[in-house]
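Here the structure comes first, spelled out in structure tokens, and everything after it is commentary.
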Amino acid sequence: MAKTVSPHAVSAILANPCPDSSSELPEIIVQVLDLKATGNKYMFMASDGKRKVRALLQSALASEVTSGNIQNLGLIRVLDYTLNDIPTKNEKFLIVSKCDAVSPALEAEYKAEVKVEGSGIDLKPNQAMDVDVKTESAGIVLKPNQEVMAKSAAQIVNDQHGNMAPAARMSMTRRVHPLASLNPYQGNWTIKVRVTGKGNMRTYRNARGEGCVFNVELTDEDGTQIQATMFNDAAKKFFDKFQMGKVYFISKGTLKLTNKQFKTVENDYEMTLNENSEVEEDNNEATFLPETKFSFTPIDELGPYVNGRELVDVIGVVQSVSPTMSIRRKSNNETIPKRDIVIADETKKTVVVSLWNDLAMSFGQELLDMADKSPVVAMKSLKVGEFQGVSLSALSKSIMVVDPDMPEAKKLRFWYDSEGKDTSLAAIGPSPSNRNGARSMYSDRVSLSHITSNPSLGEDKPAYFSIKAYISAIKPDQAMLYRACKTCSKKVTEAVGSGYWCEGCQKNEDGCSLRYIMAVKVSDASGEAFISVFNDQADKMIGCMADKLNEIKLHGGEASYQKKLKEATWVPHLFRVSVTTNEYNNEKRQRITARAVAPIDYATESKYLVEDMTKIKLSKNLLS
Amino acid sequence: MDTSNPAAFVNAELLRMYVGRRVRAVIQVLRNDGGSIFGKSTDEQELVVKGHPPNPPTTFVEVIGIADSNRSIQAEIWTNFGDNFDVSSYNTICQLANGDFKHLFI
């Protein structure tokens, strides 16, 4: 006679609420817990070590209890029973009509060890019909191929899983939470997610030393996505564990708000996993690699994406593949292999795509070998840059498919074979403006609010933009001039005696020139900002040289000085500005500096506006 | 400001839609006859503008008046627009002002 609790006993009962006496019942041995008398009947919790169900001993069996055959913490074999619903509560109620006492009281409440690997089913003991549980199984039956080993509670605390709580408490953390419900303030969660993206392991060096990092994109059953990042030890630990397309149970990660600039998935939070985090593969879920979905942008429509955050997909015929080049990364002097390939599409335009690291080596070599066959290549998630007008660059998450089996590829192949390979193809260039000065004023045109609303612009290196704005205010009582060295224009200090000392030239000068350095307030339709303006630009804006303005201030009187400044106000200009972010006392301060200023050329400006309007109209049409 | 009779921005192609109504157009002066001007509209077609042209007219002139046929305007107001004028932008204005954005103008 078995003297242990039958595994899955409660589930067997729950699955078969009304057994008829003729059917074969499996052996059902449960432990009696919380045995208490209610009137002339006894109520208890029937436990199989994993699940519990409220139970009642029929009055006929009450004598077994009083005689001591059936004891609390003892084992009984249930021979006949009925399972009822409690109408008011979402609970089941077991009425035991016939049973045998199998064992007297055990030492303690029996708890089955639950094999953590792959058993992510909700173990809420009392609620048999738990609607929230997102599991594949149709009902509450435990998956048949899972072994529940009879181990005592003490043995459950296993080195392999660190300080994982014993089964009863584990039932809380094992409940699978939807990704959408995660937040930094609730740490007790487990998620069940599929790896839908895996980046490369990157190494970095910062003030604290060297490190390595990689991230994965995780998607849960609802479709919510989140990015998880791992550093150093955690990165090494989990890099091989995470495989594309496989499903994992993850817990003990930390959440924080994402840095909007680098956001890759739609989620306000991003996750970090450390060495204490738990990642268990769900062996019951099939590996599912969703078919790569492409949304191609024709080459001649890449312009609007230049320097933007949005990634593009392209498809084109390979025109040429460059040999591998070595680029030295400035930040850590690492050398990275690179290859440039040129692709063309039916818009009769070509564009350069830069491949890096592994992509440059392996994939690039593949392309080089078949370059003479002019293969069609589809690329997903490329960054659009402004090198030579428009350029594309691969990222670690970019996906490349050669000669893909899709209608766009067939169309492209047909076009190329019939006319493409003979037509002259032009490289896609920058915006239509021809004049050199005007070109820089029209590239990266943004509104002032674009700059002021993004405090992390220009954090590592300065970001450049063009803006069209009106000078809205020049404060008359600011220090707008400085004494400058006639030779090198750097600031000079009054030397001992007479003359001025120039730090840059390392010598004394007799005279000095006055140069502008002023803060000017500018406004456009979106907002306003303060811009630092240096001599040459200020010259153009005020309309007179610094020393002349000084003359007016000293000898002309306050009124004419202010008038001169007022005359410069509300004049529109085109500015080329650089934006940097510095930290002052833990606060980020954005600093906008004018690099060039130009008057508005109304004809070109009108053309630019018309283009803008067309773009808005086009994107509106695409959306609707 | 009298907004009772707005003048529609036209080029040669749009002029025919406004025959008998008030229009404005920028014309490049080709021939000046004293009583009328033969000019080129912003969409490269020839138009006749009758009235009292300014003396001397600059290369580009804006005229506001009544369109009396699909090729001529009886101008009441003449304005010299100078010698530098971006014709294509003006043409685009005419198209937008009578197309998508008509509600902003008329």
Selection from the stretch A:610-624 of residues that are exposed (fewer than 11 other Cβ atoms within 10 Å of the Cβ) and part of a helix (DSSP H, G or I)
A:616, A:620, A:621, A:622, A:623
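Condition check ((1) more than 29 Å from residue A:207 (Cα to Cα); (2) acidic (Asp, Glu); (3) out of contact with any Ser or Thr (no Cβ under 6 Å at 6 or more places or on another chain)) across all residues:
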position	(1), (2), (3)
A:326	no, no, no
A:340	yes, yes, no
A:343	yes, no, yes
A:347	yes, no, yes
A:350	yes, no, yes
A:364	yes, no, yes
Search result, residues across the stretch A:520-537 that are closer than 17 Å to residue A:483 by Cα and of a type in the set (A, V, I, L, M)
A:533
For the stretch A:188-235, what are the residues that are charged (D, E, K, R), at pLDDT 85 or above and within 17 Å of residue A:274 (Cβ to Cβ)?
A:233
Report yes if some residue within the stretch B:12-21 is within 14 Å of another protein chain (Cβ to nearest Cβ), in a helix (DSSP H, G or I), surrounded by fewer than 18 Cβ atoms within 10 Å (Cβ to Cβ) and out of contact with any His (no Cβ under 6 Å at 6 or more places or on another chain); otherwise report no.
no
When the stretch A:20-53 is examined, which residues are found to be under 23 Å from residue A:4 (Cβ atoms) and surrounded by fewer than 18 Cβ atoms within 10 Å (Cβ to Cβ)?
A:24, A:25, A:26, A:27, A:33, A:34
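For every residue, the table says whether it meets (1) in contact with a helix residue (DSSP H, G or I) (Cβ under 9 Å, 6 or more places away or on another chain); (2) of a type in the set (S, T, N, Q); (3) not in a strand (DSSP E or B).
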site	(1), (2), (3)
A:34	no, no, no
A:53	yes, no, no
A:62	no, no, yes
A:69	yes, yes, yes
Can you tell me how many residues in the stretch B:49-101 are assigned to a helix (DSSP H, G or I) and within 14 Å of chain A (Cβ to nearest Cβ)?
11
Selection from the stretch A:600-620 of residues that are under 27 Å from residue A:542 (Cβ atoms) and either away from chain B (no Cβ under 14 Å) or touching a His at 6+ places or on another chain (Cβ under 9 Å) (or both)
A:600
With away from every other protein chain (no Cβ under 14 Å), touching a helix residue (DSSP H, G or I) at 6+ places or on another chain (Cβ under 7 Å) and not in a helix (DSSP H, G or I) as the only criterion, which of A:577, A:597 stands out?
A:597
For the stretch A:469-524 the number of residues that are in contact with a strand residue (DSSP E or B) (Cβ under 7 Å, 6 or more places away or on another chain), under 25 Å from residue A:563 (Cβ atoms) and not in a strand (DSSP E or B) is 2
Only residues that are without any contact (Cβ under 8 Å) to a residue 40 or more places away in the chain, surrounded by 14 or more Cβ atoms within 10 Å (Cβ to Cβ) and of a type in the set (A, V, I, L, M): list them for the stretch A:543-561, please.
A:545, A:552
For the stretch A:321-366, which residues satisfy the criterion of being outside any loop (DSSP other than H, G, I, E, B), in contact (Cβ under 8 Å) with a residue 60 or more places away in the chain and either acidic (Asp, Glu) or at positive phi (or both)?
A:357, A:358
Before we move on, is residue A:540 assigned to a strand (DSSP E or B), of a type in the set (Lys, Arg) and touching a residue at least 12 places away in the same chain (Cβ under 8 Å)?
no
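Does the stretch A:531-541 contain any residue that is within 36 Å of the chain's Cα centre (by Cα) and either within 14 Å of chain B (Cβ to nearest Cβ) or within 24 Å of residue A:461 (Cα to Cα) (or both)? Walk me through how you get there before you give the answer.
Initially, the stretch A:531-541 is screened for residues within 36 Å of the chain's Cα centre (by Cα), giving A:531-532.
If we keep only those that are either within 14 Å of chain B (Cβ to nearest Cβ) or within 24 Å of residue A:461 (Cα to Cα) (or both) too, we end up with A:531-532.
So far as the stretch A:531-541 goes, yes, one or more of its residues are within 36 Å of the chain's Cα centre (by Cα) and either within 14 Å of chain B (Cβ to nearest Cβ) or within 24 Å of residue A:461 (Cα to Cα) (or both).
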Given the conditions (1) over 32 Å from the mean Cα position of the chain (by Cα); (2) within 14 Å of chain B (Cβ to nearest Cβ); (3) surrounded by fewer than 16 Cβ atoms within 10 Å (Cβ to Cβ), and given that residue A:567 satisfies all but one, which numbered condition is not satisfied?
(2)
Looking across the stretch A:71-109 at residues that are surrounded by fewer than 14 Cβ atoms within 10 Å (Cβ to Cβ) and charged (D, E, K, R), the single one that is farthest from residue A:11 (Cα to Cα) is A:107
Residue satisfying all of: in the stretch A:271-330; within 23 Å of the chain's Cα centre (by Cα) and of a type in the set (A, V, I, L, M); modelled with the lowest pLDDT among these
A:289
Among all residue pairs at least 6 apart or on different chains, which show Cβ distances below 7 Å where the first residue, located in the stretch B:23-36, is in contact (Cβ under 8 Å) with a residue 40 or more places away in the chain and the second is of a type in the set (Ser, Thr, Tyr)?
B:25/B:41; B:26/B:42; B:26/B:90; B:28/B:59
Here is a list of conditions, (1) at pLDDT 85 or above; (2) out of contact with any strand residue (DSSP E or B) (no Cβ under 8 Å at 6 or more places or on another chain), and residue A:374 meets all of them except one; can you say which number that is?
(2)
Being within 20 Å of residue A:187 (Cα to Cα), modelled with pLDDT under 90 and of a type outside the set (Ser, Thr, Tyr) is the requirement here; does residue A:267 meet it?
yes
Residues that are buried (at least 19 other Cβ atoms within 10 Å of the Cβ) and among the aliphatic types (A, V, I, L, M): which strands (runs of 3 or more DSSP E) entirely in the stretch A:204-320 hold 2 or more of them?
A:209-220, A:225-231, A:247-251, A:269-273
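The values are calculated or read from the model by the stated rules, or taken from the named source; none is laboratory data. As the structure is a prediction and not an experimental result, all values here were calculated from the model. Every residue, glycine among them, receives a Cβ derived from its backbone with ideal geometry; neighbour counts consider all protein chains shown.
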